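The values are calculated or read from the model by the stated rules, or taken from the named source; none is laboratory data. Treat the numbers as computed from the prediction; the structure is a model and nothing was measured. Using ideal geometry, Cβ is built from the backbone for each residue, glycine included, and neighbour counts are taken over all protein chains shown. SASA here: full protein model, heavy atoms, side chains in, ligands and nucleic acids out. Shrake-Rupley method; radii C 1.70, N 1.55, O 1.52, S 1.80 Å.
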Amino acid sequence: MLKRMFVAADPGRLRLRSAVRAVLGIGLAVAVCALAGLALPAVVTGGLSALLALFTVTDRTVRGQAVTTALLPVVGLPVLALAAGLHDHAVPRDLAFLAVAGAGVYARRWGPRGHALGTFAFMTFFVAQFLHTAPRQLPEVYAAVLLAVLASSAVRFGLWCYERRLPAPVVPVLPGGSGLARITTRQAVQAMAGGAFALVAGQVVSGDRWYWAVGASWWVFVNTSSRGETLVRGFRRVLGTFLGIGAGVLVAVPLHGATVPTAVLTAVCVFGIFYTAAVSYSWMMFAVTVLVSLLYGLLGFLEPALLLLRLAETAVGAAGAMLAVLFVLPVTTHATTHAWIEQAVRSVHRCT
């Protein structure tokens, strides 16, 4: 697996460019937030916002990417306010989280822009749980999100916009339909069902870190369109998290949140996330898990037991997603493959 990741084809060095640019963009975002005098939780929020802005926005044109990036705060800031306002009200908070999860998946029907905005909305709610964001912290958190998006955009669209010299990529469109025949509609229902299972079971495992289970369940549905894909992705998520926790125990725990080495390793993890995302979900999750371990170290409450709890919550979340795709409006791999084949044949027919 490791050899395949590093020798995988990278035409035009696009994965390498994306990974290096992500390190620069996120590094600049974090530096700007820190120089603005924002508190550490707000700086972390800014860094994660920059990561999402660079990772999830995949429109075909540079202009489209700029528009989607500009819309991220429009979607994310109200969700942050909702999450912060409901933080101490368990039942409304849980219902709102599930609603945002379902809407985030359903938004995929509008293509790359809907996918990016849905992902950003879900992750802003998740980050608010991760950092225990309270209403009094919202002004700082809002400032961090806006500064981070601006800083990362300055790198993406100003300093190093290599996409301007490339032909617009062909983005595949999921087979359509209406009502429950549409894949995104079914997956939205599945995401809410899997998230509900993960939420309840995750709270049984831990009353403080239950959101990890919901996050794991939701991310299993991203970039999948059938039952088989989702099951494989769930397994790969657990595998990557397991490997990442082992590395976190060996690397992050001994650092005790030391600023300089943590910053260097964080940059390495960011590079790993962007460089491996297209070729190996397991190794991407490995990098994400080590990154989370480093962030916990910076925040001052990293210990091996916490990393093991993350593994347990990830397993619960993956199990919730797998149960949902098996028993709630299942989309079979055969049906999805058949729909893709039909679409391909029609496209060739129109072309010829």
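Overview of results
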{"read-out": "Failed item, numbered, when Asp88 is tested on (1) touching a Leu at 6+ places or on another chain (Cβ under 9 Å); (2) closer than 23 Å to Thr133 by Cβ; (3) of a type in the set (Asp, Glu)", "value": "(1)"}
{"read-out": "Checking Leu38 against (1) without any contact (Cβ under 8 Å) to a residue 40 or more places away in the chain; (2) farther than 28 Å from Leu166 by Cβ, the condition it does not meet", "value": "(1)"}
{"read-out": "Search result, residues across segment 228-270 that are surrounded by 21 or more Cβ atoms within 10 Å (Cβ to Cβ) and basic (Lys, Arg)", "value": "Arg233, Arg237"}
{"read-out": "Residue within segment 176-184 that is open to solvent by 30 Å² or more (accessible area, probe 1.4 Å), assigned to a helix (DSSP H, G or I), farther than 30 Å from Val345 by Cα and among the small types (Gly, Ala, Ser) present", "value": "no"}
{"read-out": "Some residue of segment 63-80 being surrounded by fewer than 23 Cβ atoms within 10 Å (Cβ to Cβ), touching a Lys or Arg at 6+ places or on another chain (Cβ under 8 Å) and not in a helix (DSSP H, G or I)", "value": "no"}
{"read-out": "Counted residues, segment 141-170 - those being in a helix (DSSP H, G or I) and open to solvent by less than 70 Å² (accessible area, probe 1.4 Å)", "value": "18"}
{"read-out": "Residue match in segment 241-260 (condition: at pLDDT 90 or above and assigned to a loop (DSSP other than H, G, I, E, B))", "value": "no"}
{"read-out": "Residue in segment 85-92 that is buried (at least 21 other Cβ atoms within 10 Å of the Cβ) and in the same structural domain as Tyr162 (by the TED database) present", "value": "no"}
{"read-out": "Arg60 in a loop (DSSP other than H, G, I, E, B) and within 30 Å of Leu166 (Cβ to Cβ)", "value": "yes"}
{"read-out": "Odd one out for Val279, checked against (1) open to solvent by 20 Å² or more (accessible area, probe 1.4 Å); (2) in a helix (DSSP H, G or I)", "value": "(2)"}
{"read-out": "Lone unmet requirement of (1) modelled with pLDDT under 95; (2) surrounded by fewer than 20 Cβ atoms within 10 Å (Cβ to Cβ) for Val105", "value": "(2)"}
{"read-out": "In segment 257-316, residue nearest to Val220 (Cα to Cα) [restricted to those that are among the aromatic types (Phe, Trp, Tyr) and touching a residue at least 40 places away in the same chain (Cβ under 8 Å)]", "value": "Tyr281"}
{"read-out": "Sole exception among (1) open to solvent by 10 Å² or more (accessible area, probe 1.4 Å); (2) within 26 Å of Ala90 (Cβ to Cβ) for Tyr211, by number", "value": "(1)"}
{"read-out": "Only one of Ala324, Ala318 that is closer than 14 Å to Trp212 by Cβ and either open to solvent by less than 20 Å² (accessible area, probe 1.4 Å) or small (Gly, Ala, Ser) (or both)", "value": "Ala318"}
{"read-out": "Selected residue (only one of Val345, Val288, Val331 is of a type in the set (Val, Ile, Thr), open to solvent by 10 Å² or more (accessible area, probe 1.4 Å) and not in a helix (DSSP H, G or I))", "value": "Val331"}
{"read-out": "Counted residues, segment 210-240 - those being charged (D, E, K, R) and part of a loop (DSSP other than H, G, I, E, B)", "value": "0"}
{"read-out": "Matching option when the condition is in the same structural domain as Leu159 (by the TED database), open to solvent by less than 30 Å² (accessible area, probe 1.4 Å) and modelled with pLDDT of 95 or more, among Leu35, Leu98, Leu48", "value": "Leu98"}
{"read-out": "Neighbours by Cβ (under 6 Å, 6+ apart or cross-chain): first from segment 328-339, closer than 22 Å to Gly102 by Cβ; second modelled with pLDDT under 85 and surrounded by 15 or more Cβ atoms within 10 Å (Cβ to Cβ)", "value": "Pro330/Arg227; Val331/Ile183; Val331/Ser226; Val331/Arg227; Thr332/Arg227; Thr336/Ser225; Thr336/Ser226"}
